[in-house]
Each structure stands twice: as C-alpha cells, then as structure tokens.
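Undergrad: Take this structure first; my questions come after.
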Number of protein chains: 2
Amino acid sequence: MKTIKVGLVGFGTIGTGVAKLLLLQKERISKRTGCDVQLVRIADLDTTRDRGLKLPEGMLTADYHDILNDPEISIVVQLIGGTGVERTVMLEMINAGKNIVTANKALLATYGEEIFTAARAKGVSVAFEAAVGGGIPIIAAMGESLAANEIESIHAILNGTCNFILSNMEENGSDYAPTLKEAQRLGFAEANPAMDVEGSDTAQKLSILSHIAFGIHLDWKDIPKVGIETVSGIDFRYAKLLGYSIKLLAIANRVRGVAGSPDKLELSVCPTLVKKGSPIAAVSGAYNAVSVIGDAVETSFYYGKGAGEMPTASAVVADVMDTVVGRTKITFETLNLWNREKESGENVVLAKASEVKGRYYLRVVVEDRAGVISEVTAVLANAGISISSCVQDECDEASGVPLIIMTHETTEGAVLGAIEEMKQMACVKSEPVRMRIYG
Amino acid sequence: MKTIKVGLVGFGTIGTGVAKLLLLQKERISKRTGCDVQLVRIADLDTTRDRGLKLPEGMLTADYHDILNDPEISIVVQLIGGTGVERTVMLEMINAGKNIVTANKALLATYGEEIFTAARAKGVSVAFEAAVGGGIPIIAAMGESLAANEIESIHAILNGTCNFILSNMEENGSDYAPTLKEAQRLGFAEANPAMDVEGSDTAQKLSILSHIAFGIHLDWKDIPKVGIETVSGIDFRYAKLLGYSIKLLAIANRVRGVAGSPDKLELSVCPTLVKKGSPIAAVSGAYNAVSVIGDAVETSFYYGKGAGEMPTASAVVADVMDTVVGRTKITFETLNLWNREKESGENVVLAKASEVKGRYYLRVVVEDRAGVISEVTAVLANAGISISSCVQDECDEASGVPLIIMTHETTEGAVLGAIEEMKQMACVKSEPVRMRIYG
C-alpha cells in the first residue's frame, strides 16, 4: 500500500475537524483510497490550546516551514484564512511542489490567477471544495457533474451567518440589530460581522462559482452587493403577506446576447424576496443552498451545512482523498481555471445595470402628508417602471411612514436611477431600501 | 487533440438527448475535456422514427454489432432498458474492451456483480450516474464527495411517477385510481405502471445507492416494499391535519450494532408521512430528491429532475466526459463496487424487521359498532406498541369506517405482527394500511 503524507496548516475549528477525520478515521480513508494516508504534521501559531483531540508527540509545530521543508509531504491542507501571510504560505507550498487543498475563499477570489498559474507551472493541483458551501459538494457539481451543461443561472445562499439572522428575524418578527446581537451571543456571528453581513463573504464565493460556471474573470469587489443590515421587520411582514421569504442571495444570471453579440453575466449579492414553496425559501438557520439551472439538467438544487467543524472537514478530506487517488490532478488540468491564456470556460463579461432585468421590492420612508404617494410613484413612472403593488404602511413613526412598492419586470439600472432621484426628494426621509424578487 | 469515439446503443428518449448533447454541443464538450469526443454510431432497432434530430448519413444502424465490432469505439453508452438481451449486449461490449456508460438501473441492481467483475477483468470502467436520480449527481456525491463520511441514513424520492401521482392526490384531494389514469394520460405514468407504483423501480435504485454507501450486497427483491396504490385521499387528509405530506420514500438507515456486534442496515420502500417544512416534503411533481446524513457532513440534500430526456442526458454525458478525461477509471478502481473479494465498503447486512425502529401510521377499516376501537387498540397494546394519536373518521362508507392510528417509536416487526393479528379480526374489514413516519 502506497503511503501519502499530509501536512495541515491552520489548526482552528475546521483544521481540528480535518485532523479528527484523518487521524481517527484513518482506516476508512485508507480503505477508500487504497493508500495509507498519513497526517504527519500540523502547523499553527497556537500550539497549546486544547482542541479536544490528542495528537501524537511532535505532530504540532508553530512553524509552517516544518511542513514546507519536509520533502515527504506531498499534500498540504491550507486552512488559514485571510489574504496576507496566507498568500505567501500558499505560494511557498506550491513552489515546494506540494499539492494544495484549501478552504480559503478570500485567497482564491482575490489571488486565484496567481495561485493557479503557480500551481500549473509547478505541476501540482489546488482543490477547494470547502471554499464554497461548506459540506455541499457544489464545486464538484459545477465543475464535473454539470459539465455537459451551459449554466443559465445560480441562486444561492452562501453565508450561514446572514441566513441565521434573516431566519430569526422572520421567525420572531424581530429587527436586525437585536437579532445580530443574539447571533453574536450564540456564536453564529463574529464580533466584527462586516464581511458576512455586508455580503463580502458571499460575493467572494459567488465570484469563485461564477468563474467555474461561466469562465468570468473579475475582482469580487466588482460584484454589486447590498448587505442585510438594510432589512427590517417591516420587510418580513410585507414579504409574508405577499407569500415570500427574504434571503441574502448570491445571483448569477446569464443575460443572452442580442443579435449575435456575446452573452453577459448579471452578478449580484442582494437581500431577495424568494417565493415560498420553492426549495430555497425553505432554507433556514445556518444552512447553505445552491440552486443551479443548466440547459440540459434544468433545475438542480444542493443543500447542507455551509460551515462548521465537521461538515467543512468532510469537504476538505474528500479533496484530500481525490488528490490521493489522482482525480484532482485530472480535474485541475481539464477545468484549467484562472488561466487567461487557455480557458475552458466562456469568458463572458459582467452585464451593465441597464442590461440586468428583474422585479424589485422597494421600501421608501416618506413624509406622512397628502400627495406623497403620487410624487414618489411618479418617479417610477418617469423611469418607465411599472408597479405591481403598492402599500403605504399604517405604522406611525416619527421618521415617516414606509411606502412598500413591488415592481413588474424592469432593469436594475432603471431602479437605481429612480432611487437616486428619490434620495433628492424632500418627502423621502431616508435612503430607499431595495431588494430583488425571485420566483 | 486526442480523438475519442463513442457509440450509443438505444435511441429512445434519453438516447436522443445524449445524441443532441454529443452532436450539437460538440464544441462545449471538446473544450471541457481537451479531447475531440465523436459520437460515431447509434444502434436501435427502430431506424425510421423521427426523433427531431438530424443525424449524419450512416450513423444510425439496427445492428449493435456495428458498434461492438468497431475497434475505434472506446466508449459505449448503453441506454436500452431491461435485463434480458441488455445483459448480453453489456457483457459483449465489456468483453470487446469498451468502457461503459449506462442508465440501466435494473441491470446493475440485478447483475451488478457479473457486470463489474467482467469489467474489472477486462480493465474497462462502468459509469452509471444516470441510473439513479436522473440529473441529480447522487452517485458522484455518494462515491466521491461524501467519501470521508460514514453514511448514517438515506431518505430519497427516486421515482418521479409515484411522486407525481402522490403530489396530485395531495393537491387535488383525489384518490389513487383516477390520479393514476390522469398521470397516464399526461405521459407521467406508463400503460403498465407496476414497476413504478409497486416500488420496484425505487427498490432497484435504493439497492444501488446502498451498495455504494454501505457496501451491502443484496438482491433488490429482498428490500421490503409497499407500493403507493394503498394510499388514499383519507390518508392525505389526516397527514395534512397532523402537518405531514406523503411521499414514497426509499429508506436506508444504519442500525447501530449493540455490544460490539456489527452494524446492520434497514432498507425499505414505503409510503411515508414526511413532516412539512423539511426539504424533502417540498418535493412535488416529477422531481426526485435525496437526503443523506453522514457522520461528518451531517444533513445534505440533493434535488432535481429524476427523469426526462435532457436532465438524464446531462448525467450520461457527464459520465462520458469523466470517462474521456480518466476520472471514471480512477473512481471505478477505488470504489471497487460489486466485488466480494476486495470491498471498499463495509459489508453490512440487512436488519431484521424486529431490529428496525420507527414511528408508524396505520389506517384500519373497521366495523362501525361499539367496542371496536378498544378491540383494535388492544392488539397494539399487547404488541407493546404505544399510540401517539388515534382518530375514528366520521366518513360513512358501506365498507366500514377508517380508524387512523399514529404510533410512538416501535419496531417494524411489532407493527407487522399487529397487522397480521388485525387481519384475523372479524371487525377489521380490509387489510390495514401502514406507512412510515419521518421527521
């Protein structure tokens, strides 16, 4: 039986889960790979904290060079987050000829091209199933199982923190601020929740999925995003009334080119009204889900734990096993990701706001006086936006009364233009809140 | 660019979808495999029917030997259903050194061992993503993406015909017979629907999934099954009242061995009350879905079109592409399925009915007279079965009145014993209907 030696950089929550599987389920993994897969070294700056797992003497080191410089280690599981020193470590490991398994979406979303180019030059592979959707095998689905398809769209819940907060707001009729505080208390949101609640984490994951599905090259920061801090209890009340739930969706939508011009891609991260009864509307709590439409497979849907020690470790160790048996090498070479010279994708480009079609939900807090509805809706009419329903809420706040508007299909550009115009109006008391409508 | 020649046996619905993808999306497939994948021959007894696809001159033949004897064809897509001549064709193709891609679940469920042994001997691979769940990549998930897990359970909707009928009964409050007739009229059920509605098709698919997930060797006919023809409108009425939907579920449940004895496996196909709000309860119409619990990944859920021309072709062509690039060969060798000598699985065995635990729903049609409830429930009490709710329906039929009973957790053996006893009672007017309760 061939021996494969594995090193692990980053001994946090997921790292601990990976170590548990590789050490405690060694027999299972050997049986299923036909190889003796040995975790031989773990590097983490914190070598003293108790992770609830007894390691063999000398396995844990504070210096990742102990892994880098061990020529017998052929696979490195890179689980430190961030894009600073993590980038250096990743490139050093690649240049030392290590095959990489990682869960670091920020690093791939930011430096994918540099990392993949280095790996190709060195003849090693990079696997990253755990970078998007935790235990959901969405990278394998997108890159392999759906390979016969042209992908039409992706609608996904990719951030468990946001989904936990929104689900709780919906269930308890509560507002954003106290729900975030509760999520922090329960460990579902970080002390500084900005990356999650502002949609950056979701945008990074969406940029990775979109690169695989559509071959698009872009900086994840170019994906338009709206965070969940704009969502209020009032929105859930109206959404419910109209048969919708509210989710922070990552959206990728193919915009067909007209008259022979190439297809473009709508990408956005935005709180979205999702029709109840659809599978994605039923996703509550810290779960993730991805709904993909392909031209052959039609709708397919994937759901599971998007984070957490063991679910994410499940994806990481599957990648280790794939790397051991040689599947990763093939996938890495055929998918040929982040390679501008020789793409396997399609190189679509981002659609402009004026090319993005959809229905929108608007909440505009207005002055409580005669004529206001007429003034606000006139802005929409002038922008060519047709209204499907409009309610002025009774709730009596000092700041004004909320006007809830659902539009018929229009363009993102028209809606953004109308919002800009409303912001200039004296009767509009705060920045209008917009959401997408899906389903 | 390397050329790979593909032959297709069976030019029915799915075969047409496969031919469409291989011929019309040739560029897409070449780009993503790095090979020139050429469909060169299609064999079908019917060479005249219009399938809505123009084939190059001479591609279609009535004689599969034209594929068998072409040494340049290295991949054969085998899409004829059944287990008679299909078995011969499959073995001949394997012995001629062809790599196989198939959607024939009956053949694998019945002759898996013979086929896989022949393929191993010849050094070729057999891929069968399309055999279970149509366009849902559940074979890849089970065999690759969840490979780090010990699977705890599978709960799946694997037959679109049954799910279509049950969904329609639920929606329209209709009974089984007229709904089946309507499904046949719409093309969702075959003229002879036995394989579908009696659960055989589901049992075949479950036996394949269970072999991958648990390494169990069994004849699919040994899986206990109850068909959907026993489900009536009354059942849906009560299920709804109690917050459940009714689905024909394929169930595989690991029964933990006590005191060091090996684990066993509960397998069954049975109409099941599924708690509303769970993803699987939301699966309606001709869709399929699989919910898998693994010890690391926890709950994961897959959903999509379980049949139909293009969704199934999506899975078939993904298998062709995996075979072209070499992933299938690796998976075939490492999974090592249907190999009694050297298993990668665990070789669990089927649990006895007395070892299978669960909650049950019973509908017993009884005589409308004093004392009947007491007599029937006494049978359950004597079997040690505790009742969680019991309703005698008001509906006044000549045949008797239905008594609806939900049990607390008990064993399948106890329930089957109680049903046998009830069948002997004069006050029980027809065979009691039993369903599982899930969630």
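Undergrad: Taking only the alpha-carbon atoms of segment A:355-438, what semi-axes of the equivalent ellipsoid follow from 5 times the gyration tensor eigenvalues under a square root, in whole Å, largest first? Working shown, then result.
TA: Numbers: eigenvalues 87, 32, 24 Å².
Working through the eigenvalues yields semi-axes of 21, 13, 11 Å.
Undergrad: Quick one: net charge of A:L380's neighbours, Cβ under 15 Å, K/R +1, D/E -1? Intermediate results must be reported in sequence, preceding the final value.
TA: Working: positive: A:R359, A:R363, A:K423, A:R434; negative: A:E375, A:E409, A:E412, A:E420, A:E421.
In short, -1.
Undergrad: Classify segment A:38-189 as rounded, prolate or oblate, taking a ≥ b ≥ c as the square roots of the eigenvalues of its Cα gyration tensor: rounded when a/c is under 1.5, otherwise prolate if a/b is larger than b/c and oblate if not.
TA: Details: a/c = 2.43, a/b = 1.34, b/c = 1.82.
It comes out oblate by the Cα gyration axes.
Undergrad: How many Å² of accessible surface get buried when A and B come together, counting both sides, probe radius 1.4 Å, rounded to the nearest 100? Can you show the working numbers first?
TA: On the way: alone 18710 and 18690 Å², together 33260 Å².
Protein heavy atoms only, the A-B interface buries about 4100 Å².
Undergrad: So if I place +1 on the C-beta of Lys and Arg and -1 on the C-beta of Asp and Glu, and nothing else carries charge, what would the dipole magnitude of segment B:230-339 be about its Cα centre? I want it in debye, nearest 20.
TA: Numbers: 11 positive and 9 negative charges, 93 e Å.
Computed charge dipole of segment B:230-339: roughly 440 debye.
Undergrad: Residues of chain A: accessible area per residue at 1.4 Å, in Å²?
TA: Working: 16640 Å² over 439 residues.
It amounts to 38 Å² per residue over chain A.
Undergrad: Also, quick follow-up: Can you bin every Cα-Cα distance in segment B:376-422 into 5 Å intervals starting at zero and give me the percent of pairs per bin, rounded to whole numbers?
TA: Using 5 Å bins, I get a P(r) of 5, 21, 28, 22, 14, 8, 2 for segment B:376-422.
Undergrad: What angle do you read, to the nearest 10 degrees and between 0 and 90, between the alpha-carbon axis of helix A:372-382 and the longest principal axis of chain A?
TA: 70 degrees
Undergrad: Mind giving me the nanometre distance, one decimal, between the label points for B:D46 and B:A381, set 7 Å out from Cα along Cα→Cβ?
TA: The answer from the label model is 6.1 nm.
Undergrad: Follow-up. Once ligands and nucleic acids are excluded and a 1.4 Å probe is used, how much of B:H408 is accessible, expressed in Å² to the nearest 10?
TA: Around 90 Å² of this residue is reachable by solvent.
Undergrad: Same structure again: Would you kindly find the accessible area of B:K225, with a 1.4 Å probe and non-protein molecules such as ligands, DNA and RNA excluded, rounding to the nearest 10 Å²?
TA: B:K225 has an accessible surface of roughly 80 Å² with all protein chains in place.
Undergrad: Which of B:T299, B:A194, B:I165 sits farthest toward the positive end of the charge dipole of segment B:138-305, with +1 on the Cβ of Lys and Arg and -1 on the Cβ of Asp and Glu?
TA: It is B:I165.
Undergrad: With a sphere of radius 13 Å drawn around the Cβ of A:I251, what net charge do the other residues whose Cβ falls strictly inside it have (Lys, Arg +1; Asp, Glu -1)? Can you show the working numbers first?
TA: Values: positive: A:K205, A:K225, A:K247, A:R254, A:K357, A:R359, A:R436; negative: A:E152, A:E266, A:E412.
Neighbourhood net charge equals +4.
Undergrad: Fully extended, how many nm does the chain gain between A:H408 and A:N172 (0.36 nm per residue separation, minus their Cα-Cα distance)?
TA: On the way: separation 236, 0.36 × 236 = 84.96 nm, distance 2.98 nm.
My answer for the length gained is 82.0 nm.
Undergrad: Could you bin all the Cα-Cα distances of segment A:230-275 into 5 Å bins starting at 0 and give me the percent of pairs in each, rounded to whole numbers?
TA: The distribution over segment A:230-275 is 6, 19, 18, 15, 12, 11, 9, 6, 2, 0, given as percents.
Undergrad: Something else: When you look at the Cβ of every residue in A:287-298, what mean number of other chain Cβ atoms sits within 10 Å? The partial results should precede the final answer.
TA: Working: counts 5, 0, 3, 0, 2, 1, 0, 5, 5, 18, 14, 9.
Neighbouring Cβ atoms belonging to other protein chains average 5 per residue here.
Undergrad: Quick one: helix B:412-423 against the long Cα principal axis of chain B, what's the angle to the nearest 10°, folded into 0 to 90?
TA: Helix B:412-423 sits at roughly 60 degrees to that axis.
Undergrad: What area, in nm² and to one decimal, does the C-alpha convex hull of segment A:58-118 cast on average over all directions? Before the final figure, lay out the partial values.
TA: Details: hull surface 16.1 nm².
Quarter of the Cα hull surface area: 4.0 nm².
Undergrad: Here is a follow-up. With a ≥ b ≥ c taken as the square roots of the eigenvalues of the C-alpha gyration tensor of segment B:298-372, please select rounded if a/c is under 1.5 and otherwise prolate if a/b is larger than b/c or oblate if it is not? It would help to have the intermediate numbers written out before the result.
TA: Numbers: a/c = 4.02, a/b = 1.86, b/c = 2.16.
Judged from the Cα gyration tensor, segment B:298-372 comes out oblate (a/c at least 1.5, b/c at or above a/b).
Undergrad: Name the residue from A:L45, A:A127, A:V325 whose Cα lies farthest towards the positive end of the charge dipole of chain A, charges +1 on Cβ of Lys and Arg and -1 on Cβ of Asp and Glu.
TA: A:V325
Undergrad: Could you tell me what a quarter of the Cα convex hull surface of segment B:179-263 works out to, in nm² with one decimal place? Before the final figure, lay out the partial values.
TA: Numbers: hull surface 32.1 nm².
Orientation-averaged projected area of the Cα hull: 8.0 nm².
Undergrad: A follow-up question, please. If you take the C-alpha gyration tensor of chain A, multiply each eigenvalue by 5 and take the square root, what semi-axes do you get, largest first, in whole Å? Mind showing how you got there, number by number?
TA: Numbers: eigenvalues 383, 118, 60 Å².
Working from the Cα gyration tensor, I get semi-axes of 44, 24, 17 Å.
Undergrad: Averaging sequence separations of C-alpha pairs under 8 Å and six or more residues apart, then dividing by the length of chain A, give the relative contact order as a whole percent.
TA: Numbers: 913 pairs, mean separation 71.9, N = 439.
About 16 percent, as a whole number.
Undergrad: Can you list the lysines whose alpha carbon is less than 21 Å from that of A:K181, not counting same-chain residues fewer than 8 positions off?
TA: Correct list for A:K181: A:K247.
Undergrad: Let me ask something else. What is the helix-to-structure angle for A:160-172, meaning the angle in degrees between its Cα long axis and the longest Cα principal axis of chain A, kept from 0 to 90 and rounded to the nearest 10?
TA: 40 degrees
Undergrad: Are there any residues in segment A:21-45 with a reduction of at least 30 Å² in accessible surface when going from the isolated chain to the assembly of protein chains? Probe 1.4 Å, please list them by number.
TA: SASA drop of 30 Å² or more in segment A:21-45: A:R28, A:K31, A:R32.
Undergrad: Filter the trypsin sites (Lys or Arg not before Pro) in segment B:49-90 to those in DSSP coil with at most 13 other Cβ atoms within 10 Å of their Cβ, and list the result. Walk me through the intermediate numbers first.
TA: On the way: sites: B:R49, B:R51, B:K54, B:R87; in loops: B:R49, B:R51, B:K54.
In loop regions of segment B:49-90 (DSSP not H, G, I, E or B), the sparsely surrounded trypsin sites (Lys or Arg not before Pro) are B:R49, B:K54.
Undergrad: Report D for segment B:291-439 in µm² per second (integer): Stokes-Einstein, Kirkwood Rh on Cα pairs, 10 °C, 1.306 mPa s.
TA: Diffusion coefficient, whole number: 81 µm²/s.
Undergrad: Of the options A:L108, B:I385, A:P178, report the single residue whose Cα projects farthest towards the positive end of the charge dipole of the protein assembly as shown (beta-carbon charges: Lys, Arg +1; Asp, Glu -1).
TA: Checking the options against the dipole of the protein assembly as shown, the answer is A:L108.
Undergrad: Same structure again: Taking the Cα atoms of segment A:149-305, report the difference between the largest and smallest coordinate on each principal axis, in whole Å and largest first.
TA: 51, 32, 26
Undergrad: To continue, here is another question. Read phi for every residue in segment A:207-220 and hand back ³J(HN,Hα) as whole Hz from Karplus 6.51 cos²θ - 1.76 cosθ + 1.60, θ = phi - 60°, with x for Gly and Pro.
TA: Here the 3J(HN,Hα) series is 5, 5, 4, 5, 5, 5, 6, 10, x, 6, 9, 7, 7, 4 Hz.
Undergrad: For a quick check: with amide H placed at 1.01 Å from N, whose amide H comes under 5 Å from B:V77's, ignoring anything fewer than 5 positions away on the same chain?
TA: B:G7, B:L8, B:V9, B:V101
Undergrad: Can you list the residues of segment A:139-153 whose accessible area drops by at least 50 Å² going from the chain on its own to the full set of protein chains, with a 1.4 Å probe?
TA: Residues meeting the cut-off: A:E144, A:S145, A:A147, A:A148.
Undergrad: When the Karplus curve 6.51 cos²θ - 1.76 cosθ + 1.60 is applied with θ = phi - 60°, which whole-Hz ³J(HN,Hα) does each residue of segment B:283-297 get, with x for Gly and Pro?
TA: 7, 10, x, 7, 6, 10, 7, 9, 10, 10, 10, x, 5, 9, 6
Undergrad: Using the crude model of +1 on Lys and Arg Cβ and -1 on Asp and Glu Cβ, and no other charge, please compute the dipole size for segment A:372-431 relative to its Cα centre, in debye to 20. Spell out each step's value before the answer.
TA: Details: 2 positive and 10 negative charges, 31 e Å.
The dipole magnitude comes to about 140 debye.
Undergrad: Find how many whole Å separate the alpha carbon centroid of segment A:242-308 from the alpha carbon centroid of segment B:6-64.
TA: Distance between centres, Cα-based: 32 Å.
Undergrad: Can you give the relative contact order of segment A:355-438 as a percent, counting alpha carbon pairs under 8 Å and 6+ residues apart? List each step's numbers first, then the result.
TA: On the way: 158 pairs, mean separation 40.7, N = 84.
Over segment A:355-438, the number comes to 49 percent.
Undergrad: For segment A:149-305, what % of the accessible area comes from carbon and sulfur atoms, probe 1.4 Å? Could you put the intermediate results ahead of the total?
TA: Working: 2800 of 5310 Å².
Using a 1.4 Å probe with all protein chains present, segment A:149-305 comes out at 53 percent carbon and sulfur.
Undergrad: Grab the Cα-Cα distance for A:A62 and A:E27, subtract it from 0.36 nm times how many residues apart they are, and report the gain in nm with one decimal. Walk me through the numbers on the way to the answer.
TA: Details: separation 35, 0.36 × 35 = 12.60 nm, distance 2.80 nm.
Answer, rounded to one decimal: 9.8 nm.
Undergrad: Now for a different question. With +1 on the Cβ of every Lys and Arg and -1 on the Cβ of every Asp and Glu, and nothing else charged, how large is the dipole of segment A:149-305 about its Cα centre, in debye rounded to the nearest 20?
TA: Working: 14 positive and 18 negative charges, 55 e Å.
The dipole of segment A:149-305 has a size of about 260 debye.
Undergrad: So for the protein assembly as shown, what are the equivalent ellipsoid semi-axes in whole Å, largest first, each being the square root of 5 times an eigenvalue of the Cα gyration tensor?
TA: Values: eigenvalues 336, 295, 182 Å².
Square roots of five times the eigenvalues give 41, 38, 30 Å.
The values are calculated or read from the model by the stated rules, or taken from the named source; none is laboratory data. Just so it is clear, the structure is predicted and the values come from calculations on it, not from any experiment. All Cβ positions, even for glycine, are placed from backbone atoms using ideal geometry, and neighbour counts span all protein chains on display. Accessible surface areas use protein heavy atoms only, side chains included; no ligands, DNA or RNA. Shrake-Rupley method; radii C 1.70, N 1.55, O 1.52, S 1.80 Å.
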